[in-house]
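The values are calculated or read from the model by the stated rules, or taken from the named source; none is laboratory data. Quantities reported herein were computed from a predicted structural model and do not represent experimental measurements. FYI the Cβ positions are ideal-geometry reconstructions off the backbone, even for glycines, and counts take in every protein chain you see.
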Amino acid sequence: MLRIENLSKKYGKLTAVDNLSLHVESGSIFGLVGPNGAGKTSTMKILAALLAPTAGRAWIAGEEVSTNPARIRQLVGYMPDFFGVYDDLKVEEYLDFYAASYAMPVRERRMIIGDLLELVDLSHKRYAYVDSLSRGMKQRLCLARSLVHDPSLLILDEPASGLDPRARVEMRELLKELKSMGKTIIISSHILPELSELCTHIGIMEMGKLVISGTNEEIVHHTRGGRTLQIRVIDRAEEAGLILQDELGLAEAPFFNNSAVLPFSGDDEDLNRILTRMVASGIPVASFSEGSNNLEDIFMQVTKGAVQ
Amino acid sequence: MKRLVLNPVLDKEFRSRMRTWKSPLLISLYLGVLALITLGYYWTQQQSAFYAGFGPEVGPQIYVTLTIFQLMLVSFVTPAFTAGVISGERERQTLDLLICTRLSATSIILNKLLASIAYILLLIISSLPFFSVVYFFGGVLLSEIGQVFLVYLMTSLTFGAIGVFCSTVFRKTQVSVVVTYVIVFFFLAGTVVITAFLASVSPNFSGLPLIAYLNPVVALFSTFPGSFSQEMFMSFGVGGRVVGANTPASNLLPWQYNFIGDGIIIVLFLILAIILLDPVGRFSRLKQLFRRKRKVQVEIDDEEIKSEAHPG
């Protein structure tokens with residue numbers, strides 16, 4: 001569905017996107033993660049034919065983005081991170097305006113507006129002024145707007161930003177619904193647990209570069225074995241720390257408030273050895289468990305927190 | 001019957017503009033000012049008259065006063081309507097959403113301008129009853145009124161195109177409005193100053209310099225009936241200069257020269273606005289092509305250097 005080759009975008013001396021290459025399969029949900037200023041929005045704007053790249057090329061459904069923007073705009077539904085609405089229009093008129101802007105016939109427009117309002121649960125607000133909608137409703141309306149021409153690819157830049165927990169859950173459910181409808185979605189978000197639950201593929205960007213990308217499992221596998229060791233002791237944390245330092249080659253004692261969470265790349269026998277040694281030393285172990293890295297852990301591991 | 005389908009931008013602009021109380025209020029204010037001018041002028045004429053009733057010159061005099069004030073109003077209102085059409089979308093953060101539809105930059109720019117001009121035309125048309133008062137007094141031909149309305153249309157299109165251009169160039173509406181007013185002021189007053197300066201530098205020069213024809217007031221004066229036209233030019237500060245005498249085709253009237261100049265300005269500013277609005281359009285591709293060619297040239301140069309360094 002989407003192929004990017006050596007894409008770069010420079011604003012004067014600042015390189016927002018640096019030689020980015022990426023491939024997104026049809027029907028997948030690709031989560032683009034990165035700190036502020038990583039180049040996510042610039043990449044998304046280039047894909048939505050809103051920004052000309054400095055170098056490189058991108059194809060959506062076989063169409064090159066730079067050479068055929070009109071066709072790309074028909075294929076892509078774009079929802080920016082910050083957007084405004086026409087407050088003096090009613091919800092139905094707002095969607096009708098965008099449907100007409102995609103040259104849709106009047107009869108088809110009426111039908112699709114009804115369907116979309118039902119999808120985003122705004123049917124009861126059909127004749128309300130856009131101005132009167134809450135932030136969450138406006139976000140859902142904007143998502144409906146991006147779907148008005150039935151695009152194959154949805155590009156959603158921080159669709160859940162600024163939403164309260166309930167609205168965020170509603171947005172997540174909506175995106176799951178779109179996923180089940182077979183849409184290919186590229187989504188950026190700062191709420192990493194939600195992304196890992198929703199996305200089939202993840203890409204982490206930093207300083208314009210794609211640091212790592214792949215399926216969730218591939219990324220977990222690539223980052224320090226993707227496992228953690230979680231230990232809690234009742235007492236004698238210092239002694240337990242010395243054992244762990246010895247076994248795992250740590251420079252510092254890992255315990256804080258009698259608990260430790262450590263990256264772990266060993267196997268089950270290593271786990272058994274550490275536990276046996278602790279118990280044999282008489283350390284009162286309250287819990288000893290293995291966990292896998294979540295997206296937040298991986299994000300912290302692969303990024304350096306640098307912004308341009 | 002086939003249903004009339006408006007461009008969505010035009011449709012939305014009409015809907016948004018006519019929905020609020022601001023539109024009827026503005027039309028009422030506009031007509032109120034014109035009514036005050038007409039009645040005020042008639043009243044002052046009556047006060048200074050030695051006899052009851054009115055002379056034959058009253059009709060044309062009211063007409064001249066009305067048309068000049070209306071031109072000033074059109075010049076004042078047009079930038080206010082057009083200088084925020086694109087920058088306003090940018091400030092509201094709706095421009096990206098508009099551009100990523102199938103609407104072309106040309107369609108967006110032209111329909112934004114048309115929507116603004118349509119509203120200004122509504123103001124002008126709503127002022128027609130005042131011109132019927134002039135007709136009541138006599139002394140003005142219908143064709144002359146028609147020419148005046150054409151001057152209004154061209155002036156609003158010209159200042160509108162400049163406003164739309166400024167609103168595309170400047171990110172903030174306030175800056176765009178100020179710059180548009182400065183340009184409009186140049187058209188109205190700057191051209192007069194330059195004309196007066198050129199007249200003082202070369203007193204033997206008999207006609208108006210070409211820049212003077214850009215002034216819509218010059219175009220308006222040339223549409224006035226009979227002696228009023230020359231009288232107005234005299235008061236305009238160009239003395240007894242023959243209008244159009246130094247131009248290559250002097251059989252054209254000043255308002256016709258003005259229309260040619262306006263036409264060029266409208267086309268030029270609109271093309272520039274369209275190019276600036278289109279983020280990945282033809283102009284952007286031309287720039288890219290130029291960059292690629294330069295890159296290829298650099299690579300060829302590198303190859304040549306290498307082959308020279310290692311022949312064979």
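Quick check on this structure: which one of B:Trp43, B:Trp21 is within 14 Å of chain A (Cβ to nearest Cβ) and either under 17 Å from the mean Cα position of the chain (by Cα) or at pLDDT below 90 (or both)?
Sole residue among the options that is within 14 Å of chain A (Cβ to nearest Cβ) and either under 17 Å from the mean Cα position of the chain (by Cα) or at pLDDT below 90 (or both): B:Trp21.
So which of A:Arg126, A:Arg107, A:Arg73 is under 25 Å from the mean Cα position of the chain (by Cα) and basic (Lys, Arg)?
Being under 25 Å from the mean Cα position of the chain (by Cα) and basic (Lys, Arg) holds for just one of A:Arg126, A:Arg107, A:Arg73, which is A:Arg73.
Scan segment A:13-35 residue by residue and report those that are part of a loop (DSSP other than H, G, I, E, B) and either β-branched (Val, Ile, Thr) or in contact (Cβ under 8 Å) with a residue 12 or more places away in the chain (or both).
A:Glu25, A:Ser26, A:Gly27, A:Ser28, A:Gly34, A:Pro35
Can you tell me which residue within segment A:68-80, out of those that are of a type outside the set (A, V, I, L, M) and more than 7 Å from every other protein chain (Cβ to nearest Cβ), is nearest to A:Leu117 (Cα to Cα)?
A:Gly77
Any idea how many residues of segment A:140-158 are under 18 Å from A:Ile60 (Cβ atoms), hydrophobic (A, V, I, L, M, F, W, C) and assigned to a helix (DSSP H, G or I)?
Result for segment A:140-158: 1.
Looking at segment A:97-106 only, could you name the residues that are facing chain B (nearest Cβ under 8 Å) and at pLDDT 90 or above?
Correct list: A:Phe97, A:Tyr98, A:Ala100, A:Ser101, A:Tyr102.
Are there any pairs, at least 6 apart or on different chains, whose C-beta atoms fall under 7 Å, with the first in segment B:93-112 and at the interface with chain A (Cβ under 8 Å from one of its Cβ atoms) and the second among the acidic types (Asp, Glu), and if so, which?
B:Leu98/B:Glu89
Answer yes or no: is there a residue in segment A:131-154 that is more than 13 Å from chain B (Cβ to nearest Cβ), farther than 21 Å from A:Ile187 by Cα and not aliphatic (A, V, I, L, M).
Yes, that holds for at least one residue.
Answer yes or no: is there a residue in segment A:39-51 that is within 23 Å of A:Lys179 (Cβ to Cβ) and either in a strand (DSSP E or B) or away from chain B (no Cβ under 11 Å) (or both).
For segment A:39-51, residues within 23 Å of A:Lys179 (Cβ to Cβ) and either in a strand (DSSP E or B) or away from chain B (no Cβ under 11 Å) (or both): present.
Can you confirm whether segment A:81-90 contains a residue that is assigned to a strand (DSSP E or B) and at the interface with chain B (Cβ under 9 Å from one of its Cβ atoms)? So that I can check it myself, show each step before the final result.
Kept after step one, since they are assigned to a strand (DSSP E or B), are these residues of segment A:81-90: A:90.
Now restrict to residues that are at the interface with chain B (Cβ under 9 Å from one of its Cβ atoms): none.
No, because not a single residue in segment A:81-90 is assigned to a strand (DSSP E or B) and at the interface with chain B (Cβ under 9 Å from one of its Cβ atoms).
Can you tell me which residues in segment A:122-163 are without any contact (Cβ under 8 Å) to a residue 40 or more places away in the chain and among the hydrophobic types (A, V, I, L, M, F, W, C)?
Once the filter is applied, which keeps residues that are without any contact (Cβ under 8 Å) to a residue 40 or more places away in the chain and among the hydrophobic types (A, V, I, L, M, F, W, C), segment A:122-163 yields A:Leu122, A:Ala128, A:Met137, A:Ala160, A:Leu163.
With respect to B:Val140, determine if the residue is assigned to a loop (DSSP other than H, G, I, E, B), touching a residue at least 12 places away in the same chain (Cβ under 8 Å) and buried (at least 17 other Cβ atoms within 10 Å of the Cβ).
yes
Quick test of your reading of the structure: A:Met111 fulfils all but one of (1) buried (at least 20 other Cβ atoms within 10 Å of the Cβ); (2) free of Cβ contacts under 8 Å to residues at least 24 places away in the same chain; (3) more than 14 Å from every other protein chain (Cβ to nearest Cβ). Name the failing condition by number.
(1)
Out of A:Ala144, A:Ala167, A:Ala128, report the one residue that is under 21 Å from A:Tyr94 (Cβ atoms), surrounded by fewer than 21 Cβ atoms within 10 Å (Cβ to Cβ) and modelled with pLDDT of 85 or more.
Going through A:Ala144, A:Ala167, A:Ala128 in turn, just one is under 21 Å from A:Tyr94 (Cβ atoms), surrounded by fewer than 21 Cβ atoms within 10 Å (Cβ to Cβ) and modelled with pLDDT of 85 or more: A:Ala128.
Taking segment A:241-281 on its own, how many of its residues are over 24 Å from A:Glu217 (Cα atoms) and without any contact (Cβ under 8 Å) to a residue 12 or more places away in the chain?
Here the count works out to 12.
Do we have A:Glu93 as surrounded by 15 or more Cβ atoms within 10 Å (Cβ to Cβ), within 30 Å of A:Glu218 (Cα to Cα) and in the same structural domain as A:Arg71 (by TED's automatic domain parsing) here?
On the way: surrounded by 15 or more Cβ atoms within 10 Å (Cβ to Cβ): yes; within 30 Å of A:Glu218 (Cα to Cα): no; in the same structural domain as A:Arg71 (by TED's automatic domain parsing): yes.
Taking the combined requirement at face value, the residue does not satisfy it.
Among the residues that make up segment A:42-50, is at least one of them surrounded by fewer than 21 Cβ atoms within 10 Å (Cβ to Cβ) and among the basic types (Lys, Arg)?
no
Consider only pairs whose beta carbons are under 7 Å apart and that are at least six residues apart or on different chains; among these, list those whose first residue lies in segment A:82-95 and is more than 12 Å from A:Lys125 (Cβ to Cβ) and whose second residue is in a helix (DSSP H, G or I) and among the β-branched types (Val, Ile, Thr).
A:Val85/A:Val130; A:Tyr86/A:Val130; A:Asp87/A:Val130; A:Leu89/A:Val130
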